[in-house]
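Take a look at the structure set out below.
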Amino acid sequence: MYQPIKLSDEIFYVGVNDRRTNLFENMWPLPRGVAYNSYLINDDKIALIDTVEIGQVEKFIKKIQSIIGDKKIDYLIINHMEPDHAGSISIIRNLYPEIQIVGNKKTLPMIEGFFGFNDHLLEIKEGDELDLGNHKLQFYMAPMVHWPETMVTYESTQKILFSADAFGSFGTLDGAIFDDEMDFSYFHDEMRRYYSNIVGKYGSPVQKALEKLGGLDINIIASAHGPVIRKHIEEVIDLYHQWSRFETEEGVVIAYASMYGNTEEMVEVTARVLAEEGIKNIRIYDVSKTHSSFIISDIFKFKGVVLASPTYNNGLHPNMEALVNKLQHMGVKNHYLGILGSFTWAGTATKRLQEFGESLKWEIIDQPVEEKHALKQTKYEECRILGKHLADKLKNDSK
Ligand SMILES: Cc1cc2nc3c(=O)[nH]c(=O)nc-3n(C[C@H](O)[C@H](O)[C@H](O)COP(=O)(O)O)c2cc1C
């Protein structure tokens, strides 16, 4: 019934779109949904690479059966055990009781733990090859990109890398499946939001995986989320190199909290100087309005950060506290930080922001500017000086 979507003569896309879930991992907003990608190799031996989130399983099975009809699947390759990919393992096994489930030594105990069986499991190791007939699958471990059992599968005759979460992005595949069938710019940003929030903490494992896969000749990157990439391969690999090393571009993310506008006024003053000084990329976000995942994504892109918060019950505004906690937890590196704050009787917000910046070894620009009550001339000038110094730093780096 379904027109098959081919990566090559015998390799098919059988993934599904999810436009209903609002929050990925019950945390990250999905303004344009998410795709759970799975791939089917219809060779002498039939192999399915990953499954989909269980709520989408009916569509998934229809797609598989429209390609293989009554034939049985021989292997289910599990690159990653997170339930958005592994969720349909039990159903696939019930449908194909003889299927061999292929994973590494860290995958198999998870299968037993989550699904309660330990038979028909095939353990593979780094570099092992599985021969399907015309196609050969090789396995490479990619621990912590994004869980410890994560691995990637390389099909060596068509040169396709089934990359699990790596190179994935939020967003459904709206008709177009391949990056060359669509305007890729939306996915460009959503790939960074996906990377920074989901995998961003694991920069060094990502580096190790990139090094290991560097020798492979790749025609297609078939990730577990988002577009199948065959046009932007070099570009997305370069981006992964850049993000995993916390390399950034010239620009400033200003994230602020403000209940009554005093802190926001300081932000506007600072932003204006940055623009006067020639900084073209300035993104201002109210932390009470914009979900932190978008702010964090831009912090992975731009070197300059300004954080601004009023003192709130002797600490940071709670939404700013949540943002800095996430950044701290992720261990985000390599930024310039300007700090602004406002208070009425005893200010502590800027001190907390300074401790935050120091904990991540970010370079703090000048002293924090903290105003009591409304913004007045002296602090106004200090905001301008801070903005100028931050712009100077960024421009100096770009020389
Ligand atoms: C719920 C609440 C708690 C506050 N807690 C403190 C505090 O602990 N210390 C202080 O100096 N000011 C405190 N303030 C005052 C604000 O920090 C001050 O009015 C600040 O200028 C507000 O900045 P904004 O206009 O950007 O919201 C509090 C204000 C509110 C509404």
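The values are calculated or read from the model by the stated rules, or taken from the named source; none is laboratory data. What you are looking at is a predicted structure, and each value in this text was computed from that prediction instead of being measured. All Cβ positions, even for glycine, are placed from backbone atoms using ideal geometry, and neighbour counts span all protein chains on display. For the accessible areas, the whole protein counts, side chains as well, though only heavy atoms, and no ligand, DNA or RNA atoms are used. Shrake-Rupley method; radii C 1.70, N 1.55, O 1.52, S 1.80 Å.
Among 188, 203, 285, pick out the residue whose Cα is farthest towards the positive end of the charge dipole of the chain, where Lys and Arg carry +1 and Asp and Glu carry -1 on C-beta, about the Cα centre. Of the listed residues, the answer is 285.
Between the stretch 289-342 and the stretch 250-276, the alpha-carbon centres lie 13 Å apart. In the chain, Cα pairs under 8 Å separated by at least six residues give a relative contact order of 11 percent. On the stretch 5-244, 48 percent of the accessible area sits on carbon and sulfur atoms, based on a 1.4 Å probe. Residue 324 contributes about 0 Å² of solvent-accessible surface, heavy atoms of the protein only, 1.4 Å probe. Springs join every pair of Cα atoms under 10 Å in this Gaussian network model of the chain, and among 117, 184, 356 the largest mean-square fluctuation is at 117. Solvent-accessible surface of the stretch 249-398, averaged per residue with a 1.4 angstrom probe and all protein chains in place: 44 square angstrom.
Give the Rg/Rh ratio for the stretch 212-279, taking Rg as the radius of gyration of the Cα atoms and Rh as the Kirkwood radius, to two decimals. Please list the in-between numbers first.
Numbers: Rg = 19.7 Å, Rh = 16.0 Å.
Rg divided by Rh gives 1.23.
The Cα-based radius of gyration and maximum Cα-Cα distance (Dmax) for the stretch 249-398 are 13.7, 41 Å. For residue 232, the solvent-accessible surface with a 1.4 Å probe is about 30 Å², rounded to the nearest 10. Taking Cα centre as origin and charging only the Cβ of basic (Lys, Arg, +1) and acidic (Asp, Glu, -1) residues, the dipole magnitude of the stretch 5-244 rounds to 380 debye.
Look at the dipole of the stretch 52-126 built from charges on Cβ: of 79, 65, 118, the Cα furthest out on the positive end belongs to 65.
Using just its DSSP H runs of length 4 or more, each adding -39500 (n - 2.57), the chain gives a mean residue ellipticity at 222 nm of -10000 deg cm²/dmol after division by all residues.
Over the stretch 305-356, the hull volume per residue, using the convex hull of the C-alpha atoms, is 63 Å³.
Viscosity 0.692 mPa s, temperature 37 °C: what is the translational diffusion coefficient of the stretch 5-244 from Stokes-Einstein with a Kirkwood Rh over Cα pairs, rounded to a whole number of µm²/s?
186 µm²/s
Under a point-charge model restricted to the Cβ atoms of Lys and Arg (+1) and Asp and Glu (-1), what is the dipole moment magnitude of the stretch 224-335 relative to its Cα centre, in debye to the nearest 20? Please report the intermediate quantities before stating the final value.
On the way: 11 positive and 14 negative charges, 74 e Å.
Its charge dipole is roughly 360 debye.
Report in % the part of the accessible area of the stretch 322-399 that belongs to carbon and sulfur, leaving out ligands and nucleic acids; probe 1.4 Å. The partial results should precede the final answer.
Values: 2090 of 3970 Å².
With neighbouring chains kept in place, the figure for the stretch 322-399 is 53 percent.
So, with +1 on the Cβ of K and R and -1 on the Cβ of D and E, and no other charges, what is the size of the charge dipole of the stretch 1-61 about its Cα centre, to the nearest 20 debye?
Values: 6 positive and 9 negative charges, 70 e Å.
That gives the stretch 1-61 a dipole magnitude of about 340 debye.
Put 147, 243 in order of accessible area, largest first, 1.4 Å probe: what do you get? Working shown, then result.
Working: 147 65, 243 5 Å².
So, going from the largest accessible area down, we get 147, 243.
Accessible area per residue for the stretch 5-244 is 39 Å², calculated with a 1.4 Å probe on protein heavy atoms, without ligands, DNA or RNA. When restricted to Cα atoms, the stretch 152-277 yields an Rg and a Dmax of 18.4, 62 Å, respectively.
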